[in-house]
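The structure appears right after this line, and notes come after that.
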Amino acid sequence: MIRVSVIGAQGRMGARVVQAVGDADDMQLAQAIGVQSSLEGVRPDNTDVAVEFTVPSASLSNVLALVDQGVNVVVGTTGWTQDGLDEVRRALSHAPNPGQSVFIAPNFAVSAVLADVFAATAARFFESAEVVELHHPDKIDAPSGTAVHTARTIAAARRRAGLGAVPDSTRTDGGSRGQVIDGIHVHAVRLRGLNAHEEILFGNAGEQLTIRADSFDRSSFMPGVLLAVRAVASAGHPGLTVGLEHLLGL
Ligand code: NAP
């Protein structure tokens, strides 16, 4: 049995992870840690993998503490910076256990990860590309981190293929063409009833390709989280890994 501790266990995602771990045949819940509890008791003698879903302001220090205590970590909290990732890499380089792992995924939904992979493949074949992300209106940031990542993925694929700027003759005068990220226009819709959705639009003269990923419910993230827990517990990914695509055998 893989012993899993959940950090942020009272949060919306953390509570789902507690439930998913309880439902998995090969896992058992070790500790459920909320904002009031200390991480000090989360140690290799009781925990194989800690799953961290808290808030961006707490995530880095939580991960560094867990690494220092010899615990493997799967992280779903968003908002990671390059500096934060570098700090985790440094901490892992002198971690107490050889082969210790931290796995961070900005998006655990398989559909969203595959949409990005397919978009990277498609990008070089199309003159135009735009991203539309659609979310519930309680979301604080816009555009979503996932859409920003998609735009950057498309832009990088276009650069590799030697494509120039996307065609756009708009002369804005108080109008809007969304946020331009790395040359790709990204539009954000906020609508009650939605959860998390993304459309990637590619266009050529006379044809269009649409790639759409829909996450209807937080349960969509759980298969990805459990996959990461199993990967980390099997010591198959020592060091820092960022992105679920690395576990999907693509
Ligand atoms: P949430 O409902 O606000 O839950 C966050 C929880 O963390 C709260 O219970 C909070 O407690 C607790 N917390 C805050 N600081 C903590 C600390 N230092 N130690 C332990 N617990 C602490 O948010 P959520 O919807 O679960 O989302 C959590 C994070 O996951 C966000 O960054 C979100 O963007 C991200 N997310 C990622 C994915 C993915 O696929 N990677 C998917 C969905 C969401 P209090 O409320 O008492 O402060």
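Laboratory data are not the source of any read-out in this text; all were calculated from the coordinates shown. This is a predicted model, so every value here is computed, not measured. A quick note on method: Cβ atoms are made from the backbone with ideal geometry, for glycine too, and the neighbour counts reach across all protein chains shown.
With both labels modelled 7 Å from their Cα along Cα-to-Cβ, the Val180 to Phe125 distance reads 2.8 nm.
Note on the chain: with charges restricted to the Cβ of Lys and Arg (+1) and Asp and Glu (-1), its dipole about the Cα centre is near 200 debye. Other residues whose C-beta falls under 14 angstrom from the C-beta of Asn72 contribute a net charge of -1, scoring Lys and Arg +1 and Asp and Glu -1. Qualifying trypsin sites (Lys or Arg not before Pro) in region 121-209, where qualification requires a DSSP coil assignment and no more than 13 other C-beta atoms within 10 Å, comprise Arg171, Arg177, Arg192. Farthest towards the positive end of the charge dipole of region 129-250, among the residues Asn204, Ala161, Ala231, is the Cα of Ala231, using unit charges on the Cβ of Lys, Arg, Asp and Glu. Convex hull volume per residue, computed on the Cα atoms of the chain, equals 145 Å³. With the gyration tensor restricted to C-alpha atoms of region 110-216, the semi-axes of the equivalent ellipsoid amount to 22, 17, 12 Å, longest first.
Projecting the Cα atoms of Ala91, Gly34, Asn72 onto the dipole axis of region 1-102, where Lys and Arg carry +1 and Asp and Glu carry -1 at the beta carbon, places Gly34 farthest toward the positive end.
Restricting attention to the chain, close to 45% of DSSP beta bridges with both partner residues there are antiparallel.
Label-to-label distance for Leu248 and Val117 is 0.5 nm, based on points extended 7 Å past Cα in the beta-carbon direction.
Pairs of Cα atoms nearer than 8 Å and 6+ residues apart set the relative contact order; for the chain it is 22 percent.
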